[in-house]
1. Taking amide H atoms as placed 1.01 Å from N in the peptide plane, list the residues 5 or more away in sequence, or in a different chain, whose amide H sits under 5 Å from that of ASP123.
2. Please label the shape of region 109-176 as rounded, prolate or oblate, based on the square roots a ≥ b ≥ c of the eigenvalues of the alpha-carbon gyration tensor (a/c under 1.5 means rounded; beyond that, a/b larger than b/c means prolate, else oblate).
3. Estimate the FRET efficiency between THR96 and ARG166 by the formula 1/(1 + (r/R0)^6), using the beta-carbon distance for r and 35 Å for R0, to the nearest 0.05.
4. Could you tell me the accessible area of ARG26 in Å² (1.4 Å probe, neighbours in place), rounded to the nearest ten?
5. Among DSSP beta bridges whose residues both lie in the chain, state the antiparallel percentage, nearest 5.
6. Round to a whole angstrom and tell me the spacing of the C-alpha centers of region 155-191 and region 65-125.
7. May I ask you to compute the full-extension gain from PHE264 to SER249, defined as 0.36 nm times their residue separation minus their alpha-carbon distance, rounded to one decimal in nm?
8. Relative contact order for the chain using alpha-carbon pairs under 8 Å, separation at least 6, rounded to a whole percent?
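The values are calculated or read from the model by the stated rules, or taken from the named source; none is laboratory data. Just so it is clear, the model here is predicted, and its values are computed rather than measured. In this analysis, Cβ positions are derived from the backbone assuming ideal geometry, glycine residues included, and neighbour counts consider all displayed protein chains. Areas reflect the complete protein model, heavy atoms only, side chains present, ligands, DNA and RNA absent. Shrake-Rupley method; radii C 1.70, N 1.55, O 1.52, S 1.80 Å.
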Amino acid sequence: MRLRRLGARAVSAVGVGGMSMSTEGRPNCAQSVATLYAALEAGATLIDTADSYHIGADEVGHNELLIQRALAQSSFARSELVIATKGGHIRPGDGTWRIDGSPDYIAAAARASLSRLKVDAIDLYYLHRPDPKVPLAESVGALVTLHDEGLIKAAGVSNVNDEEIRLAHSILGDRLIAVQNKLSLVHQGTTSGVALCNSLGLSFVARSPLGSKSGVLSLDRIPGVREIARSHCVSSQRVALAWALAAGSNVIPVFGTTQPSTVFDSMAATDLILDADEIELLTAQK
């Protein structure tokens, strides 16, 4: 497994996300655990989660608990993994997603995640999404406090534009190591953020790199994807992940899945090198 830098750590160039294991349409727990174990066996050392990855209002932190329990019962060394989680989203149980970026809420959410993950400090903690009701500087300031109190080892921001990235970096300094935004063949609008993050020494963690839950179906509608996949004798999702990896040396795609059978295929994207013509063809799609 190829590695990329994430702050002071080297992690797998492709990580696994836990959202689909705990939100609508989720599989049973045994299948989710099997999927997670398959990712670890394939070399994933970055696991991405959030306290809002759940369905019912009474199960906040469902995915964090799933990951913690799975790791506690496994032979995988926790010290070799980076577990990233997020705070700032709320799911009241009616299917909606709401935002609370107030410093008090962020602080409380981080402490609750710390307890669920059963760690002394969270490896990487993101502000999940800016709250339009709260100045971003105040939300980010909560991350400064959490870091300085030793509750998080590093900070990140997610779902942010370039101006917000610059502001977060000016406040957090070296505490900020990552930005997590959408980046995929079906959502290429954040490619400018990759270069900005690189210039600031930040990792760009690409969320939804397969485009959506429909994944392969949406990818195969993009001209060139199926043909390139066939020419390399690989899957469309592996092409999509290889394209994301080629977008910048600081890019770490994090894919979601609920099928152990697809994990090894996706993790193998680090071995697929697309040539310049293939990248140009794929990047030209809007």
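1. Under 5 Å from the amide H of ASP123 lie the amide H atoms of ILE83, LYS153, each far enough along the sequence or on another chain.
2. prolate
3. After rounding, the FRET efficiency stands at 0.70.
4. Result for ARG26: roughly 80 Å² accessible.
5. Taking every DSSP beta bridge within the chain, about 20 percent pair in antiparallel fashion.
6. So the separation of the two Cα centres works out to 19 Å.
7. Full extension of this stretch gives 3.2 nm more.
8. RCO, the chain: 20 percent.
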